[in-house]
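> I'd like to ask you about the structure that follows.
Where a number appears in this text, it was derived from the coordinates with a stated rule and is not lab data. For clarity, every value in this text was computed on a predicted model and none was experimentally measured. Quick reminder, even Gly has a Cβ in these numbers, built from the backbone with ideal geometry, and neighbours come from all protein chains shown.
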Amino acid sequence: MSKPVNPQTRAVRAALESDQQHGAVVPPLFLSSNYTFVGFAQKRQYDYTRSGNPTRDALAGALCELEQGSGCVVTSSGMAAIHLVCLLLNSDDLLVVPHDCYGGSYRLFANLAARGAFRVRFIDQTDPAAVSAALAENPRMVWVETPSNPLLRIVDLAAMVEQAHAIGALVAADNTFLSPALQQPLRLGADIVVHSTTKYLNGHSDVVGGAVISADEAVHAQIADWANTIGVAGAPFDSYMTLRGIRTLFPRMRQHEENAARVAEALVQHPAVTRVYYPGLTDHPGHDIARRQQGGYGGMVSFEIAGGEAQLRCVLEGLQHFSLAESLGGVESLVCHPATMTHAPMEPEARRRAGISDTLIRLSLGVEAADDLVADVCAALDRALAIDAVRATAADGGR
């Protein structure tokens, strides 16, 4: 019996040596928008790239294998992937969603529900009472983000799946924050996994894309049909670039996580920081669940700082090794202010209910040297503290 192949090896070897014409090691990029028929009523495997493309299929096959699904649909963006999953719902179906989900997801769910596409209920999925109350309404689907964006709350996927399946509900999990290198929701019983492949899967901040991987072939067939019908399939070149990115996914994720752990430890010790959100910290409320269901704690860290806009500006604009930008998961480190950036689509009251404060900062740790990142963050926080010191000195002089 052959030894099982490690997922890291699968990520590197995906689609290599598949070229049957010239024996290319790396699979070729097929940019053609259409393909000839053999003859009258004799269609080949591919006829039109919206419906199917060899390069996109190579990426889909790699993702399907890494997430251990039955089928994968590659889309033009992460939001297109999320929208595709929503098309499984009818107008009278209820969708249960985390109240602290990504701002773009929140906007999509809320706007589609307002148009009557389905009904939606936003809840704290870490609150057992809230989950029980929502499931008592017999939802058609439960949408899970774990870790959540940006507060990194952890949902017990296996427990959620058991409860949801008991009432006949589907479970869809957004696995963008961890990637299949650190978590495989389908193995924990989820029905659907969604990715913004823009993030860790591509890993270089130069491609926008998404993917939907299904555990059941029938569900995959529905999603694939919708993707073809509304034309949201990913472009061949983007698929080629993402497949290239996946080859380094595992070593990148190790470096992301190592850097995140170092920065999180430094943040905990800094007097300018009032709270740190990172599942790798032993006092994180979801630490034990994360340790059990994840292969690591990921490369995202969020924290709250003392003070107001002056302190925020000092940190956000003063970092040397972090770019102030949206997105995450690239080799470069990024800093983001959720309230005015990624979660601006949420109403202020909705952000408040979700616990997303105006002093919250989110970091996506890249693969730079950890010492440089820690020093940079601490220096920015020191400068933020100095603002209060200068103001206090000025006030004393005024008296």
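> Rounded, prolate or oblate: which fits the range 261-369 when a ≥ b ≥ c are the square roots of the eigenvalues of the alpha-carbon gyration tensor, with rounded for a/c under 1.5 and prolate only if a/b beats b/c?
Details: a/c = 1.43, a/b = 1.19, b/c = 1.20.
Rounded, since a/c falls under 1.5.
> Sticking with this one: Based on Cβ point charges of +1 for Lys and Arg and -1 for Asp and Glu, what charge dipole magnitude is obtained for the chain about its Cα centre, in debye rounded to the nearest 20?
Dipole size: approximately 480 debye.
> Give me the net charge of Gln293's neighbourhood, meaning all other residues with Cβ under 15 Å from the Cβ of Gln293; Lys, Arg count +1, Asp, Glu -1.
Details: positive: Arg153, Arg187, Arg291, Arg292; negative: Glu67, Glu145, Asp156, Glu162, Asp174, Asp288.
It works out to a net charge of -2.
> Report relative contact order for the chain in percent, whole number only (criteria: Cα-Cα under 8 Å, sequence separation at least 6).
Averaging sequence separation for qualifying contacts and normalising by length gives 17 percent for the chain.
> Of the peptides 187-199, 259-271, how do they stack up when ordered by the mean number of other Cβ atoms within 10 Å, highest first?
Ranked by mean Cβ neighbours within 10 Å, highest first: 187-199, 259-271.
> Same structure, new question: Which FRET efficiency, nearest 0.05, do Asp92 and Ala159 yield, Cβ-Cβ r, R0 30 Å?
0.65
> If you line up the long axis of helix 249-269 against the longest principal axis of the chain, both from Cα atoms, how many degrees apart are they, to the nearest 10?
Orientation of helix 249-269: about 20 degrees from the principal axis.
> Using a basic spin-label model with each label point 7 Å from the Cα along Cα→Cβ, how many nm lie between Ile167 and Glu368?
Distance between label points: 4.6 nm.
> Next question. Would you mind classifying the range 177-262 by shape? Square roots of the alpha carbon gyration tensor eigenvalues, ordered a ≥ b ≥ c; an a/c under 1.5 is rounded, otherwise it is prolate if a/b is larger than b/c and oblate if not. Before the final figure, lay out each step's value.
Numbers: a/c = 2.93, a/b = 1.41, b/c = 2.07.
The shape class here is oblate.
> Let me ask something else about it. Please work out the C-alpha center-to-center distance from the range 104-140 to the range 40-64 and express it in whole Å.
35
> Rounded, prolate or oblate: which fits the range 8-246 when a ≥ b ≥ c are the square roots of the eigenvalues of the alpha-carbon gyration tensor, with rounded for a/c under 1.5 and prolate only if a/b beats b/c?
Prolate, because a/c is 1.5 or more and a/b exceeds b/c.
> For helix 217-230, what angle does its Cα long axis make with the longest principal axis of the chain, in degrees from 0 to 90 and rounded to 10?
Rounded to the nearest ten degrees, it is 80.
> Here is a further query. Looking only at Cβ-Cβ distances, which cysteines of the chain have no other cysteine closer than 4.7 Å?
Cys86, Cys101, Cys314, Cys336, Cys378
> At 0.36 nm per residue, minus the direct Cα-Cα distance, what do Arg50 and Ala129 gain on full extension? Give it in nm, one decimal, please.
24.0 nm
> Continuing with this model, one more query. Could you work out how far helix 157-166 tilts from the main Cα principal axis of the chain, as a 0 to 90 degree angle to the nearest 10?
Roughly 60 degrees between the two axes.
> Net charge around Asp92, counting only other residues with Cβ within less than 15 Å of its Cβ (Lys, Arg = +1; Asp, Glu = -1)?
+2
> Given a Förster distance of 25 angstrom, what is the FRET efficiency for Asn111 paired with Thr340, based on the Cβ-Cβ distance and rounded to 0.05?
On the way: r = 20 Å, r/R0 = 0.81.
Between Asn111 and Thr340 the formula returns 0.80.
> What's the FRET efficiency of Asn6 with Ala136 using the Cβ-Cβ distance as r and R₀ = 51 Å, to the nearest 0.05?
0.75
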